[in-house]
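One structure is given below, encoded as structure tokens.
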Amino acid sequence: MKRRMPLVALVVTALTLGALLVAGCTSGGSTSAAAPAKTVTASGSGTVHATPDQADMSFGVSATNANAKKALDAASKAVAKVTTALEKAGIAKEDVQTQNVSVSPNYDYNAAKPTITGYSANITVQVTVKDIGKLGDVISAANAAGADNIQGPSFTLSDDSDLHGQAIDKAVADAKKRAEAMAKAAGKTVGDVVSITEASSVSPGPLYEGDVARAAGASVPISLGQLDVVAEVTVIYELK
């Protein structure tokens with residue numbers, strides 16, 4: 001004979017199952033991750049051309065002698081003459097910096113055993129020419145004073161902060177234009193900016209006819225050309 005479950009027990013069981021179902025639904029809702037924000041990422045670049053207004057030069061002297069100390073003394077006297085000539089050419093003392101001092105032996109490798117035949121001393125000074133119109137005269141003066149190793153010029157800008165700002169403006173505008181094109185292709189529109197990253201650089205630009213700095217009587221004509229101030233940005237926008 002089958003026994004029937006009491007009505008009270010059936011009610012309690014139903015309530016218990018209902019509570020478990022409600023708890024399960026509540027728990028699942030609290031642990032679900034928020035939907036990721038929709039974004040579009042675009043890169044842009046901007047370039048501003050500028051004429052350099054200063055240059056870095058390197059002037060070196062060398063001397064040889066059978067004695068290492070005498071070789072260094074001779075090089076020291078030679079570089080002093082070059083420094084004096086640079087100052088007379090209009091270079092301030094604070095714009096002349098010693099970069100390298102070296103003394104090394106010279107060997108005769110033709111003998112059965114390599115032997116030292118003397119010593120070579122080298123001294124190099126780094127010079128910043130802030131009046132770029134005098135660059136040709138400065139090079140000529142250093143060479144006439146005894147500089148036998150001349151390297152440069154490396155053209156620079158004394159202050160490129162405003163130019164960098166202009167390049168960034170162009171780069172961001174370029175990035176937005178690209179983002180809008182991508183968003184339009186997807187049937188969306190561009191919203192607010194989420195993040196921006198940027199990198200800037202200054203590099204030699206094109207050389208134009210007539211960009212030659214030649215001071216009166218200068219024997220070395222200098223072609224200035226132009227520098228490119230470049231900004232590269234990556235911008236993330238909201239996608240609507």
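Yes or no, residue by residue, for (1) modelled with pLDDT of 95 or more; (2) more than 30 Å from residue 94 (Cβ to Cβ):
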{"site": "124", "(1), (2)": "yes, no"}
{"site": "132", "(1), (2)": "no, no"}
{"site": "148", "(1), (2)": "no, no"}
{"site": "155", "(1), (2)": "no, no"}
{"site": "169", "(1), (2)": "yes, yes"}
{"site": "181", "(1), (2)": "yes, yes"}
{"site": "186", "(1), (2)": "no, yes"}
{"site": "192", "(1), (2)": "no, yes"}
Check: Inside segment 89-98, can you point out the residues that are out of contact with any helix residue (DSSP H, G or I) (no Cβ under 7 Å at 6 or more places or on another chain) and surrounded by 13 or more Cβ atoms within 10 Å (Cβ to Cβ)?
Finding: 95
Check: Which numbered condition trips up residue 44, out of (1) within 30 Å of residue 190 (Cβ to Cβ); (2) of a type in the set (Gly, Ala, Ser); (3) surrounded by fewer than 17 Cβ atoms within 10 Å (Cβ to Cβ)?
Finding: (3)
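Please tell me if residue 119 is within 22 Å of residue 71 (Cα to Cα) and exposed (fewer than 14 other Cβ atoms within 10 Å of the Cβ). First the steps, then the outcome.
Working: within 22 Å of residue 71 (Cα to Cα): yes; exposed (fewer than 14 other Cβ atoms within 10 Å of the Cβ): no.
Judged against the criteria, residue 119 is not a match.
The values are calculated or read from the model by the stated rules, or taken from the named source; none is laboratory data. Quick caveat, the model's predicted, so the values are computed rather than measured. Virtual Cβ from ideal backbone geometry, glycine too; neighbours counted across all protein chains shown.
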